[in-house]
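Structure first, commentary second.
The values are calculated or read from the model by the stated rules, or taken from the named source; none is laboratory data. As the structure is a prediction and not an experimental result, all values here were calculated from the model. Cβ atoms come from the backbone with ideal geometry, glycine included; neighbour counts cover every protein chain shown. SASA here: full protein model, heavy atoms, side chains in, ligands and nucleic acids out. Shrake-Rupley method; radii C 1.70, N 1.55, O 1.52, S 1.80 Å.
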Amino acid sequence: MVILVTGGAGFIGSNFIYYELDKYAEDRIVCIDALTYAGNLETLEEALKNERFVFYRGDIADGEFVNGVFAKEHPDIVVNFAAESHVDRSIEAPDIFLRTNVIGTMTLLEACRKYGIQRFHQVGTDEVYGDLPLDRTDLFFTEETPIHTSSPYSASKAAADLLVLAYHRTYGLPVTISRCSNNYGPYHFPEKLIPLMISRALADESLPVYGSGENVRDWLYVKDHCSAIDLVMRKGRNGEVYNIGGHNERTNLQVVKTILKELGKPETLITYVKDRPGHDMRYAIDPTKIRSELGWQPETSFDDGIKQTIRWYLDNRTWWEHILAGDYRNYYERMYGDR
Ligand code: NAD
Ligand code: DAU
């Protein structure tokens, strides 16, 4: 089987490539990645040594490039991770989100239609459902929850999901979509909450918590997300959406305090800053469908996963220090300078 993974130099895509290379000795992995600010080829250093892995640098919204890769590699399964993924950046500059997340997805779907595939899997997000109120802990996102987006990021991801379903209905393309809650783990870019707080706490820098810090996210260890995607793309029902989550809800403040405690750093590092515009209050996934249809279960609890993640960031300082030494500093100043 040839599996085309887009966005494989990013956080979840790279974890997925290692998961697949490890689990399936027969499959070849073809990776497409534009290496934007979030893509890091250093992450794929080990994969690049594997003869079952090949990397192409290019843009999923560039039809000529995408068709060229399909013509050469003839993928059986396409898994689309490639995206602009950071909500704060989408609030600053939405246009690239529409180009990559919407036009890019359509370009891949067109190539799938032209060359033929067994399955197109879209890596979606629970953010397409909007948010849940903090005082209704009995409510969860199901696959039937209406799409109700808050940010340009989530709107672009919702548009992509709808295009995928339209290609299924109109052209009969074999597709699946998964919608996962917040991931954490190795190779997470240090602009997102958990790696940002770990790297800043280690440098004794202030930890910027948006608003009151009471917003709730439903955290899933990245390897559990990879095992779920693997199941859905191989065994999920054609044309279906599957929610992925492990009931690990925490407030942002709980997460930040856990990190400080693990690192032996004082809570005085916490600084409350101006809230994110349109900030979603609570995400919480109901994973009943993927559990009952495909037998998926997460293996890592938040308490274990956060310890493993902190350990990884301590053991792999070079990885994130190289990122911090790049354009990240300018970005940080732009985003937090006047907060
Ligand atoms: P990421 O930002 O770490 O990685 C995105 C990757 O896509 C990068 O390697 C980047 O270079 C590449 N890319 C961006 N634009 C591209 C383009 N035009 N052409 C080719 N490659 C391009 O993102 P992530 O956190 O790994 O998320 C991966 C996917 O999973 C995204 O689709 C995201 O919406 C979804 N998702 C993420 C989470 C999460 O918590 N991180 C949760 C649910 C769903
Ligand atoms: O739910 C899935 C989504 O999770 C994915 O689709 C997105 O790609 C991914 O980035 C993530 O989105 P969030 O907006 O939830 O993640 P982020 O790490 O940006 O923020 C997590 C929470 O922490 C959120 O409530 C905002 C808050 N936050 C974030 C940052 C970066 C802070 O309080 N301070 C910060 O500096």
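Ignoring lysines fewer than eight residues from LYS49 along the same chain, the ones with Cα atoms less than 26 angstrom from its Cα are LYS23, LYS72, LYS223.
Taking other residues whose beta carbon is less than 12 angstrom from the beta carbon of THR300, and scoring Lys, Arg as +1 and Asp, Glu as -1, yields -2.
Apolar share of the accessible surface for segment 87-176: 55 percent from carbon plus sulfur atoms, 1.4 Å probe. Modelled this way, with points 7 Å down the Cα-to-C-beta line, the labels at GLU205 and ARG291 are 3.9 nm from one another.
Once backbone amide H atoms are built at 1.01 Å from N, LEU207 has ILE270, THR271 as its partners under 5 Å, excluding neighbours fewer than 5 places away on the same chain. Pick out which of GLU110, GLU144, GLU64 has the largest mean-square fluctuation in a Gaussian network model of the chain, springs linking Cα atoms closer than 10 Å. Most flexible of the set in this elastic network: GLU144. Relative to its Kirkwood radius, the Cα radius of gyration of segment 128-229 gives an Rg/Rh of 1.03.
If you run the Gaussian network model on the chain, springs between alpha carbon atoms under 10 Å, then out of GLU240, GLU214, GLU26 the most flexible one is GLU26.
Accessible surface computed residue by residue for segment 16-174, with neighbouring protein chains in place and a 1.4 Å probe, gives 45 Å² per residue.
Distance between the modelled labels on THR137 and SER212, one decimal in nanometres: 1.6 nm (7 Å Cα→Cβ projection).
Sequence neighbours fewer than 8 away in the same chain don't count; with that in mind, list the lysines whose C-alpha is under 24 Å from LYS274. Qualifying lysines at Cα under 24 Å: LYS192, LYS257, LYS265. Between helix 193-202 and the chain there is an angle of about 50 degrees, using the helix long axis and the longest principal axis of the Cα atoms.
Counting only C-alpha contacts under 8 Å and six or more residues apart, can you give the relative contact order of the chain as a whole percent? Relative contact order comes out at 18 percent.
Taking the Cα centre of each part, how many Å lie between segment 68-102 and segment 275-325? So the two Cα centres are separated by 21 Å.
Calculated mean residue ellipticity at 222 nm for the chain: -12000 deg cm²/dmol, from DSSP H runs with n ≥ 4 weighted as -39500 (n - 2.57), summed, divided by the residue count and rounded to 500.
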